[in-house]
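Visitor: Just passing along the structure, written as structure tokens.
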Amino acid sequence: AQSVAQPEDQVNVAEGNPLTVKCTYSVSGNPYLFWYVQYPNRGLQFLLKYITGDNLVKGSYGFEAEFNKSQTSFHLKKPSALVSDSALYFCAVRDISNFGNEKLTFGTGTRLTIIP
Amino acid sequence: SQTIHQWPATLVQPVGSPLSLECTVEGTSNPNLYWYRQAAGRGLQLLFYSVGIGQISSEVPQNLSASRPQDRQFILSSKKLLLSDSGFYLCAWRTGTGVSPLHFGNGTRLTVT
């Protein structure tokens, strides 16, 4: 089984400060990990993914995420928050050890609010 | 470039009425296609996915069905809607090889009254 946990429903950050959105995962094999962002009444937009290799992954809009295998975490980060970063963020995982596994499991989302 | 179209954007239907939501993808061939439902603006639940024409996998048994009559067309249907079918329905696609990410449409907000 595969699962994702986003322990914070809401994160508030002052504009210009660094931000972190937390994600932990559970898979029986090796994970593919993803971050998505959702603006109101829109579909999800892909931000970045981790497959293998460098534990620090860089993505769109200045976001990055750090894969930590020992802590089974994949936290999303940005050095300096913008008001336009305010949105709903989803972490997702797919266990690639299951051949033919097409299921991408999403966390429950974290609402990020950047305070001007 | 690839695009995904999903319609309608909003829909209000009475209980017991049928449903048909359509999703089409342009600019790619043989995509994997997915229907997700998002309740209360939060978690996403995978409903169906398809890796080819006529191939449908159901993740959650419920009042809905899906069909893929053409390579880049994915349809979500119901014969009789329930109140609990209300939600935000998202179609998504990805290439069938490797570890490509999902690309989502803009969704359909369904309200069953």
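Read the figures in this text as sums done on the coordinates, not as results from a lab. None of the values given here were measured: they were computed from a predicted structure. Neighbour counts are summed over all protein chains in view; Cβ atoms, including those assigned to glycine, are modelled from backbone coordinates with ideal geometry.
Visitor: Where does the Debye-calculated log10 I(q)/I(0) of the range A:62-116 sit at q = 0.13, 0.26 Å⁻¹, using only Cα point scatterers of equal weight, no solvent?
Guide: So the normalised log intensities are -0.45, -1.14.
Visitor: If you don't mind, there's one more thing I want to ask. Using Cβ counts within 10 Å as a stand-in for footprinting exposure, how do A:HIS75, B:HIS103, B:HIS5 rank, fewest first?
Guide: In increasing order of surrounding Cβ atoms, one gets B:HIS5, A:HIS75, B:HIS103.
Visitor: Something else: Mind listing which trypsin sites (Lys or Arg not before Pro) in the range B:16-113 are in a DSSP loop and have 12 or fewer other Cβ atoms within 10 Å?
Guide: B:LYS79, B:LYS80
Visitor: Just to confirm the filter: which chymotrypsin sites (Phe, Trp or Tyr not before Pro) across the range A:12-116 are DSSP coil and have at most 15 other Cβ within 10 angstrom of their Cβ?
Guide: Passing both the DSSP loop test and the Cβ count: A:PHE99.
Visitor: Still on this model: Under 19 Å from a point 7 Å along the Cα-to-Cβ line of A:ASN12: which residues of the range A:64-93 have their amide N that close?
Guide: Answer for this model: A:81-89.
Visitor: Turning to a different aspect of this structure: Hey, with R₀ at 41 Å, roughly what FRET efficiency would A:ILE115 and B:GLU59 work out to, going by the Cβ-Cβ distance, to 0.05?
Guide: 0.60
Visitor: A further question on this structure: Dividing the Cα convex hull volume of the range B:5-113 by residue count, how many Å³ per residue is that?
Guide: Residue-normalised Cα hull volume stands at 95 Å³.
Visitor: With just the Cα atoms defining each centre, how far is the range A:29-67 from the range B:1-64? Give it in Å.
Guide: The two parts, judged by their Cα centres, are 23 Å apart.
Visitor: R0 = 25 Å: FRET efficiency of B:ALA9 with B:ASP71, Cβ-based, nearest 0.05?
Guide: That gives a FRET efficiency of 0.55.
Visitor: Ok, one more. For the charge dipole of chain B, defined by +1 on Lys and Arg C-beta atoms and -1 on Asp and Glu C-beta atoms about the Cα centroid, which residue among B:PRO69, B:LEU33, B:LEU19 has the Cα displaced farthest towards the positive pole?
Guide: B:LEU19
Visitor: Another question about this same structure. In debye, nearest 20: dipole of the protein assembly as shown around its Cα centre with unit charges on the Cβ of K, R (+) and D, E (-)?
Guide: It comes to approximately 220 debye.
Visitor: Moving on. To the nearest 20 debye, what is the magnitude of the charge dipole of chain A about its Cα centre, counting +1 on the Cβ of each Lys and Arg and -1 on the Cβ of each Asp and Glu?
Guide: Magnitude of the dipole: close to 120 debye.
Visitor: Taking the convex hull of the Cα atoms, report for the range A:10-50 its projected area averaged over all directions, in nm².
Guide: Averaged projected area of the range A:10-50's Cα convex hull equals 4.3 nm².
Visitor: Per the Kirkwood treatment, what hydrodynamic radius in Å, one decimal, follows for chain A from the mean inverse distance over all distinct Cα pairs?
Guide: Computed over Cα pairs of chain A, the Kirkwood hydrodynamic radius comes out at 14.3 Å.
Visitor: For the range A:12-116, which GluC sites (Glu not before Pro) are in a loop by DSSP, counting at most 16 other Cβ atoms within 10 Å?
Guide: A:GLU15, A:GLU102
Visitor: Give the order of B:THR3, A:THR105 when sorted by the count of other beta carbons within 10 angstrom, beginning with the fewest.
Guide: B:THR3, A:THR105
Visitor: Quick one: compute a quarter of the convex hull surface over the Cα atoms of the protein assembly as shown and quote it in nm².
Guide: About 12.7 nm², averaged over all directions.
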